[in-house]
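Enquirer: Dropping a structure here in structure tokens format, bear with me for questions.
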Amino acid sequence: MKPPKISPRIAVYGLGFVGKQLAGFALDKGWDIVGAYNRAGDKVGQDLGTLLGREAIGLLVEDCDHADYSKLDADLAFVAVSDRLEDNLISYQRLMSAGANILCHGAESCNPFRLNPDVAKKIHALALQHKVTFTGGGIWDMTRIWAGILSVGPNISINTMTHTSFTDIARQGVHLLRFCGAGLTVDEFKAKDVAGGGGLGGIAIIPPLCVVDALGFEVKDVKEQLEPIIWEEDHQSHWLNETIPAGHVIGTRMKVDISTVEGITIRNCFEYRDFKPDEVEQMIWKVEGEPSMEIRVVREASHLASASSLFNRTPDVLSAEPGIKELWKYAPLKPSLFL
């Protein structure tokens with residue numbers, strides 16, 4: 001059955017790589033964009049259409065810190081600013097207070113109560129107060145979280161679940177490859193605290209914890225280890241347009257072990273790094289149990305899929321009850337071609 005047509009009024013908060021894609025998707029659907037916000041800089045004051053490389057649409061990008069949100073009349077706002085709830089909180093407050101539902105592209109927003117309970121309580125209370133819904137998502141929705149949930153569907157017993165992935169991180173923006181340490185020496189990697197809380201620390205625990213919570217397991221312990229990825233040969237990076245010498249950092253490996261009260265172990269190993277020419281992005285869930293199963297997702301266009309996955313949750317969020325609603329409490333993601 002085809003879903004009903006919708007025509008929500010949209011706001012976009014954060015017009016970087018993902019935010020601009022979300023705005024473009026909305027315009028392609030013929031949806032009205034009634035607000036566009038970015039931090040101070042050369043994007044502010046530009047017509048949104050022009051910023052997207054299209055015809056002008058008569059909507060100027062506003063400085064997010066000086067805009068008058070009391071005038072905003074949006075059904076839904078896309079937020080694409082940071083992976084951290086604490087950093088994004090001011091945007092949630094501004095937009096939900098104006099009556100906008102939120103779809104956030106940010107890692108911690110996928111599981112707020114688990115990852116930052118204090119901020120989650122504030123988000124949930126504000127959402128209830130203004131009768132709006134908050135959901136976080138992105139490419140992890142189908143490729144990591146729902147793939148993990150579905151991987152155990154046939155099982156009558158589970159011993160271990162192992163999630164292994166290889167991500168060509170620069171597809172989401174070349175700056176992210178630098179953020180993951182590419183080109184640094186090992187000493188520089190440590191000095192810049194790439195693996196710390198201001199870097200990638202705490203990111204890799206999120207998808208497996210979402211799967212654990214969706215399946216109803218009780219967490220006993222979570223262990224995380226981050227390390228630089230080093231190759232023994234020189235690597236020509238087409239993203240950075242430079243040669244990364246042998247022994248220098250190519251990216252970051254993130255390992256997670258989660259033990260549960262039920263005796264099931266969930267293991268996770270992310271690699272965020274540069275790729276060789278013949279490599280492809282893969283997300284693999286391997287289940288050891290009765291029966292043993294494996295689900296493998298090959299991401300051929302992750303530079304589009306992150307924004308499109310968030311965008312395709314629009315009808316779910318618009319029809320949801322107020323408050324925080326996590327991805328696994330909806331049905332699996334559906335395409336938006338009929339919206």
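Enquirer: Condition test on residue 333, is it assigned to a loop (DSSP other than H, G, I, E, B), under 17 Å from the mean Cα position of the chain (by Cα) and closer than 27 Å to residue 166 by Cα?
Expert: On the way: assigned to a loop (DSSP other than H, G, I, E, B): yes; under 17 Å from the mean Cα position of the chain (by Cα): yes; closer than 27 Å to residue 166 by Cα: yes.
Yes; evaluated as a whole, the condition is true for this residue.
Enquirer: Identify all residues within the range 243-286 that are aromatic (Phe, Trp, Tyr) and over 18 Å from the mean Cα position of the chain (by Cα); write none if there are none. Spell out how you get there, then give the answer.
Expert: We begin by selecting, within the range 243-286, every residue aromatic (Phe, Trp, Tyr); these are 270, 272, 275, 285.
Selection gives 275, 285.
Enquirer: Something else about it: Can you tell me which of 252, 260 is assigned by TED's automatic domain parsing to the domain that holds residue 234, of a type in the set (Ser, Thr, Tyr) and surrounded by fewer than 20 Cβ atoms within 10 Å (Cβ to Cβ)?
Expert: Sole residue among the options that is assigned by TED's automatic domain parsing to the domain that holds residue 234, of a type in the set (Ser, Thr, Tyr) and surrounded by fewer than 20 Cβ atoms within 10 Å (Cβ to Cβ): 260.
Enquirer: Taking the conditions exactly as written (buried (at least 17 other Cβ atoms within 10 Å of the Cβ) and small (Gly, Ala, Ser)), does residue 7 satisfy them or not?
Expert: no
Enquirer: Now a separate question. Where residues in the range 138-153 are out of contact with any Pro (no Cβ under 8 Å at 6 or more places or on another chain) and in a helix (DSSP H, G or I), which of them is farthest from residue 316 (Cα to Cα)?
Expert: Per the criteria, the residue is 151.
Enquirer: Can you go through 149, 156, 145, 205 and tell me which one is crowded, with 16+ Cβ neighbours inside 10 Å, in contact with a strand residue (DSSP E or B) (Cβ under 7 Å, 6 or more places away or on another chain) and at pLDDT 95 or above?
Expert: That would be 205, the only listed residue that is crowded, with 16+ Cβ neighbours inside 10 Å, in contact with a strand residue (DSSP E or B) (Cβ under 7 Å, 6 or more places away or on another chain) and at pLDDT 95 or above.
Enquirer: Let me ask something else about it. Name the single residue that is nearest to residue 114 (Cα to Cα) among those in the range 216-271 being polar (S, T, N, Q) and either touching a helix residue (DSSP H, G or I) at 6+ places or on another chain (Cβ under 9 Å) or not in a strand (DSSP E or B) (or both).
Expert: Taking the candidates together, the pick is 260.
Enquirer: Taking the range 90-128, which residues are surrounded by fewer than 19 Cβ atoms within 10 Å (Cβ to Cβ) and in contact (Cβ under 8 Å) with a residue 24 or more places away in the chain?
Expert: Answer for the range 90-128, where residues must be surrounded by fewer than 19 Cβ atoms within 10 Å (Cβ to Cβ) and in contact (Cβ under 8 Å) with a residue 24 or more places away in the chain: 93, 97, 99, 113, 114, 122, 124, 128.
Enquirer: Which members of the range 75-89 meet the condition of being β-branched (Val, Ile, Thr) and either farther than 17 Å from residue 311 by Cβ or surrounded by fewer than 24 Cβ atoms within 10 Å (Cβ to Cβ) (or both)?
Expert: Within the range 75-89, 81 is the sole residue that qualifies.
The values are calculated or read from the model by the stated rules, or taken from the named source; none is laboratory data. Fair warning: this is a prediction, and the values are worked out from it, not measured in the lab. Please note: Cβ atoms are built from the backbone with ideal geometry, for glycine as well, and neighbour counts cover all protein chains shown.
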